[in-house]
Amino acid sequence: MSGWQTAEKALRDHAVRDVLLPGYLDRDDDVPEFRPQPLVVWLRLDEGLLRFESVGQFDRLSTSVVDSIDWSGIDLFTDAEDEVIVASYGEQHFGDGRDRLHCTRLRVYRAPGAGPDVCTCLALDFEGGTTLFLDPTWTFGIRAGNAADEQRWLELYDEAGAALAADVVLREG
């Protein structure tokens, strides 16, 4: 099983604890600064991680379940001279006080001209009404956005023929 079906199975079976983005730690100034480079985004599950990678011409998502964070295959990180770290973005997407959430719905979008099994973008709805929208067509890697980013993407590509490839309810609520 590969692609978005991997995400569907993992999210049916596991709760999400965090959203993790990789990047560089820039220590050149007085205050160290995190500079995100989200070519990969991980969802920390209650067991393991769900890994999303921008692939192809950075126009689709590849999905896999992994045991740990690994830089192999990502030249930008394996050849980095700066310190590479992972930052937690879960609170920004899910809000305070949430230590784990279940995904309730998954929407798979396909860009114009993409094949029938291609996942261009993925929208994940969670308990409490939050949405995480993963868009690998963003200039700087994968945009880990929200419902407003999903709507902007749809408006941008609607006339060109973007399509909802799958809309799966994972659980009620």
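The values are calculated or read from the model by the stated rules, or taken from the named source; none is laboratory data. Being a predicted model, the structure only gives us computed values, none of them experimental. A quick note on method: Cβ atoms are made from the backbone with ideal geometry, for glycine too, and the neighbour counts reach across all protein chains shown. Surface accessibility is based on the protein's heavy atoms, side chains included, excluding ligands, DNA and RNA. Shrake-Rupley method; radii C 1.70, N 1.55, O 1.52, S 1.80 Å.
Each row is one residue, and each column tells you yes or no for (1) of a type in the set (A, V, I, L, M, F, W, C); (2) at pLDDT 90 or above.
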site	(1), (2)
G95	no, no
D99	no, no
A114	yes, no
T120	no, no
A123	yes, yes
W138	yes, no
Q151	no, yes
V168	yes, yes
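Within region 62-74, identify whether any single residue is touching a residue at least 60 places away in the same chain (Cβ under 8 Å), assigned to a loop (DSSP other than H, G, I, E, B), open to solvent by 50 Å² or more (accessible area, probe 1.4 Å) and more than 15 Å from W153 (Cβ to Cβ), and answer yes or no.
Looking for residues that are touching a residue at least 60 places away in the same chain (Cβ under 8 Å), assigned to a loop (DSSP other than H, G, I, E, B), open to solvent by 50 Å² or more (accessible area, probe 1.4 Å) and more than 15 Å from W153 (Cβ to Cβ), one finds none in region 62-74, hence no.
Name the pairs whose Cβ atoms lie under 6 Å apart, with the first residue in region 12-39 and closer than 21 Å to F140 by Cα and in contact (Cβ under 8 Å) with a residue 12 or more places away in the chain, the second among the acidic types (D, E) and assigned to a strand (DSSP E or B), and 6 or more positions between them or separate chains?
L25/E83; D26/E33; R35/D26
Output the residues belonging to region 16-61 that are open to solvent by 60 Å² or more (accessible area, probe 1.4 Å) and either over 25 Å from V108 (Cα atoms) or part of a strand (DSSP E or B) (or both).
Residues satisfying the conditions are R17, R27, D28, D29, D30, V31, P32, E33, R35, R44, R60.
If you check A7 against the conditions, is it under 27 Å from Y157 (Cα atoms), out of contact with any Pro (no Cβ under 9 Å at 6 or more places or on another chain), among the hydrophobic types (A, V, I, L, M, F, W, C) and open to solvent by less than 50 Å² (accessible area, probe 1.4 Å)? Reasoning before the result, please.
Working: under 27 Å from Y157 (Cα atoms): yes; out of contact with any Pro (no Cβ under 9 Å at 6 or more places or on another chain): yes; among the hydrophobic types (A, V, I, L, M, F, W, C): yes; open to solvent by less than 50 Å² (accessible area, probe 1.4 Å): yes.
Yes, satisfied.
Hey, can you tell me all the residues within region 145-169 that are open to solvent by 40 Å² or more (accessible area, probe 1.4 Å), part of a strand (DSSP E or B) and out of contact with any Ser or Thr (no Cβ under 9 Å at 6 or more places or on another chain)?
Listed by number, the residues that qualify are L164, D167.
I'd like to check something: does region 88-110 contain any residue that is closer than 16 Å to L20 by Cα, in a strand (DSSP E or B), open to solvent by 20 Å² or more (accessible area, probe 1.4 Å) and not basic (K, R)?
So far as region 88-110 goes, yes, one or more of its residues are closer than 16 Å to L20 by Cα, in a strand (DSSP E or B), open to solvent by 20 Å² or more (accessible area, probe 1.4 Å) and not basic (K, R).
Identify, from the list T130, T120, the residue that is surrounded by fewer than 20 Cβ atoms within 10 Å (Cβ to Cβ) and within 15 Å of the chain's Cα centre (by Cα).
Within the list T130, T120, the selection yields T130.
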